[in-house]
Amino acid sequence: MKLSKAWALYEMDKKLLNYSVHTLKAYKLQLKLLARHLNDPDINSVTYDQLKTYLAQQEHLKPSSIGHRIRFIQSFFRWAIDEGHTSKNPASKLREPKLGTRVPKFLTEDDIETLRESCETPREHAIIEFLYTTGCRIGEAVGINKSDIDWQNKSVIVRGKGDREREVYFNTKCRIWLKKYLESRRDNDPALFVTERAPRKISISQMRGIIKKVADRAGIRTSVYPHRLRHSYATHLLNNGAPMEAIQQLLGHQKSETTQIYAQLSGERRRQLYQRYF
């Protein structure tokens, strides 16, 4: 069986395991690139050396991106063995590159206030407030419907990575702007955030564009994008004394190690702890 032919079976199995659409889209691209490089060989003929050569030619990629490719290749060949499509695993000896410690970049509280002041429409206010005060990923935010909002408890159930659900919360200021935004709309679309023309559920790229427009208007020197608002949310929680375990649950991280990276962000928090305990 050729690599390209194996994709349909692999995709079907992963859909049954509830892999997200975004993950499968990324995996499909990875297989397409690998098959093109190897001239779409039979799955049994792929060798470890071929895979190493392919990965070695990806010098233009960041170590994290190479690691992503390796994880897909390993997943694909483990699946091929489990399904009986091959008897050998050429990816078994592949190792991901070591990654340096990446400290997520965040916005200061002053930056957040500048963003707020630079919003010109209820929709802009609602989007900035919602992403910052909930810590949602952008993909989670665009998938929310109006009916999902619990106004009394100022909360909403979002569907995160791996199709896992979690409850997130927003503050009074966010609730005010969400309601102003919804009151300004004249459409019946169920989505919480919609496009302005021919209203329909907003896309991830469209929401990114709105945030960039507000950030450009604000004149903030550092780059502003949805995930930086999420990093800012986590950092400000930490600075204000929130336990790491609570931040982990609010962010929807499965592994505590993912959340621990934020402990490196706050020099102010470290100074406070030093003064408290020493």
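For each pair in Lys5/Lys201; Lys28/Lys201; Lys2/Lys88; Lys2/Lys32, compute the distance between the two Cα atoms and list the pairs where it is over 23 Å.
Lys5/Lys201; Lys28/Lys201
GNM, the chain, Cα, under 10 Å: largest mean-square fluctuation among Arg166, Arg78, Arg228?
Arg78
Compute, for the stretch 50-111, the length of the dipole vector about the Cα centre, with Cβ point charges of +1 (Lys, Arg) and -1 (Asp, Glu) only. Units Debye, rounded to 20.
My answer is approximately 460 debye.
What is the stretch 3-82 by shape, rounded, prolate or oblate, if you read a ≥ b ≥ c off the alpha carbon gyration tensor as root eigenvalues and call it rounded for a/c under 1.5, prolate for a/b larger than b/c, and oblate otherwise?
oblate
Give me the percent relative contact order of the chain, please, defined on Cα pairs under 8 angstrom at least 6 residues apart.
18 percent
What's the exposure ranking of Tyr48, Tyr233, going from fewest to most Cβ atoms within 10 Å?
Listing Tyr48, Tyr233 from fewest to most nearby Cβ atoms yields Tyr48, Tyr233.
Roughly how many debye, to the nearest 20, is the charge dipole of the chain about its Cα centre, given +1 on each Lys and Arg Cβ, -1 on each Asp and Glu Cβ, and no other charges?
Value, rounded to 20: 400 debye.
Size of the dipole of the stretch 19-70 about the Cα centre, Lys and Arg at +1 and Asp and Glu at -1 on the beta carbon, nothing else charged, in debye to 20?
Dipole about the Cα centre, nearest 20: 260 debye.
Each label point is 7 Å from the Cα along the Cα-to-Cβ direction; what then is the distance between the points at Ala198 and Arg185, in nm?
Taking the two extended label points, one gets 1.8 nm.
Could you tell me whether the chain comes out rounded, prolate or oblate from its Cα gyration tensor? Rule is a ≥ b ≥ c as square roots of the eigenvalues, rounded for a/c under 1.5, then prolate if a/b exceeds b/c, otherwise oblate.
Because a/c hits 1.5 or more and a/b exceeds b/c, the chain counts as prolate.
Each reported figure results from applying straightforward, stated rules to the coordinates on display, with no laboratory input. Keep in mind the model is a prediction, meaning the values are calculated, not measured. Glycine also receives a Cβ, built like all others from the backbone with ideal geometry; neighbour counts cover every protein chain displayed.
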